[in-house]
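This report refers to the structure that appears directly beneath it.
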Amino acid sequence: MITLVNFIGARPQIIKAAAISRAVHNRFGRQIQEVIVHTGQHYDKQLSQVFFDEMQIPKPDFNLHVGSGPHGKQTGKILSKAEKLFKDVNPEVVVVYGDTNSTLAGALSAVKMHIPVVHIEAGMRSFNKNMPEEINRITTDHVSTLLFSPTNAGFKNLLHEGFSPENIPPYHIDNPKIYHCGDIMYDNALFFGNMAGKKKGFLERLGIIKNKFVLATLHRDLNTDNRERLNTIFSALSEIVSSEKIPLVMPLHPRTVKAIKKDLEKSLAKKIERNSLFRIIPPVSFLEMILLEKTSGIIMTDSGGVQKEAHFYHKKCLVFRDETEWIELVKNGTAMLVDADRDKILKGFRTYIKSGEAKFPAFYGDGHAAEFICNEVIENLKY
């Protein structure tokens with residue numbers, strides 16, 4: 001039996017881990033012993049515990065309680081604590097997700113102890129190394145043994161960086177295996193989509209009607225920690241709500257709440273506060289977020305995960321960045337990069353409002369990516 005550490009720390013990773021945990025429980029319980037390690041990178045109850053409870057996934061076996069902090073300090077804490085934990089648990093494989101500090105630290109701790117790393121969501125690139133996430137994802141890919149890309153574009157990125165699709169077993173850090181396997185978040189979208197329907201009362205409490213509201217999220221530090229960008233985005237959103245007379249629902253990340261209080265212009269903040277169509281709400285649960293995504297008219301975000309979920313639920317999406325890892329969505333015309341540019345945001349919104357039905361191809365697999373990943377781990381990392 002393989003002891004597999006499922007290494008998570010941020011909200012999206014908690015959700016991604018649910019797909020792997022479900023696959024282990026349903027199909028691979030005799031071959032894989034799962035140990036869930038939560039770094040505590042996101043430790044607020046609304047951003048962690050509620051997700052474990054709502055999705056009924058196993059509680060973490062260990063929590064490293066690192067909390068928030070500067071990138072170097074946070075990464076260093078995770079490295080130190082993960083090393084000690086891996087010595088105690090002695091896993092055969094460590095699975096990491098995406099591009100957070102937890103991803104990087106978990107991968108580095110494991111590889112320095114000669115434990116094979118499995119990177120889920122490998123190959124994603126923004127081609128902007130000023131983003132800490134880009135450094136995290138590139139470094140993690142290049143210390144991994146099995147790399148699972150959710151998209152063909154991600155797989156091609158790995159090829160361009162020198163990974164060979166012709167490597168043969170046994171696989172290790174100097175002879176890695178790369179895959180285009182589909183997206184485990186699409187697995188989750190299918191599995192949890194029906195459950196979200198049970199929360200219809202949530203929409204009623206917000207006073208919104210299906211397909212008749214805008215859903216917006218904002219959390220990346222390039223937007224929340226930059227006063228000019230923050231004010232530009234909120235000014236554009238306020239203009240859309242006022243001119244189009246359309247409700248806008250915005251679940252706020254704690255970082256954004258702090259930024260608004262500190263840096264949003266007072267006149268703009270008052271204008272937003274007085275407009276009853278601008279619905280700023282606390283962070284929502286995973287199922288509530290799914291329901292908002294499924295029933296919205298248009299989605300606006302700086303989140304990579306929400307961009308994909310918009311595609312899963314056939315929603316057009318404006319992206320508050322000038323690049324994205326999900327380039328296939330932009331090429332498809334159902335996602336638009338508007339950055340923190342007021343004119344682009346307004347023009348993009350009006351373009352999407354006036355446009356007709358769009359096509360949403362199956363870029364992200366067949367909904368069985370987690371099962372495929374678990375099977376490959378068993379077949380290629382036997383001990």
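Taken together, the values in this text are just the output of simple stated rules run on the coordinates, not laboratory data. Every value quoted in this text rests on a predicted model; they were computed, and no experiment measured them. Glycine gets a Cβ as well: all are built from the backbone with ideal geometry, and neighbour counts include every protein chain shown.
Values for this structure:
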read-out	value
C-alpha long axis of helix 184-196 to longest principal axis of the chain, angle in °	50
Loop-resident sites, the stretch 97-202, for trypsin sites (Lys or Arg not before Pro), counting at most 12 other Cβ within 10 Å (DSSP)	Lys129
Tail fraction, Cα-Cα pairs, the chain, threshold 40 Å, whole percent	13
Quotient of C-alpha Rg and 2.2 N^0.38 Å, computed over the stretch 199-354	0.95
DSSP-loop trypsin sites (Lys or Arg not before Pro) across the stretch 330-383, with at most 10 other Cβ within 10 angstrom	Lys359
Backbone HN-Hα couplings from phi across the stretch 323-332 [Karplus 6.51/-1.76/1.60, Hz, Gly and Pro as x]	8, 8, 6, 9, 5, 5, 6, 5, 4, 6
Rounded if a/c under 1.5, otherwise prolate or oblate - the stretch 254-298, Cα gyration tensor axes	oblate
Gly40 long-range amide H proximity, modeled H, under 5 Å	Leu64, His65, Val66
Cα shape, the stretch 1-127, gyration tensor, a/c 1.5 rule	rounded
Helix axis angle, 11-27 relative to the chain longest principal axis, alpha carbon, degrees	50
Helix axis angle, 342-354 relative to the chain longest principal axis, alpha carbon, degrees	90
Isotropically averaged projected area of the stretch 307-373, using the convex hull of Cα atoms (one quarter of hull area), nm²	4.9
Rounded to whole Hz, the Karplus (6.51, -1.76, 1.60) HN-Hα couplings of the stretch 205-220, x for glycine and proline	5, 7, x, 10, 10, 3, 6, 10, 8, 9, 10, 10, 9, 8, 8, 5
In the stretch 201-232, the trypsin sites (Lys or Arg not before Pro) that fall in loop regions by DSSP, at most 13 other Cβ within 10 Å	Lys210, Lys212
Mean residue ellipticity (222 nm) of the chain, computed from DSSP H runs ≥ 4 via -39,500 (n - 2.57), nearest 500	-14500 deg cm²/dmol
10 Å Cβ shell holding at most 10 others, DSSP loop, GluC sites (Glu not before Pro): longest site-free stretch of the chain	167-356
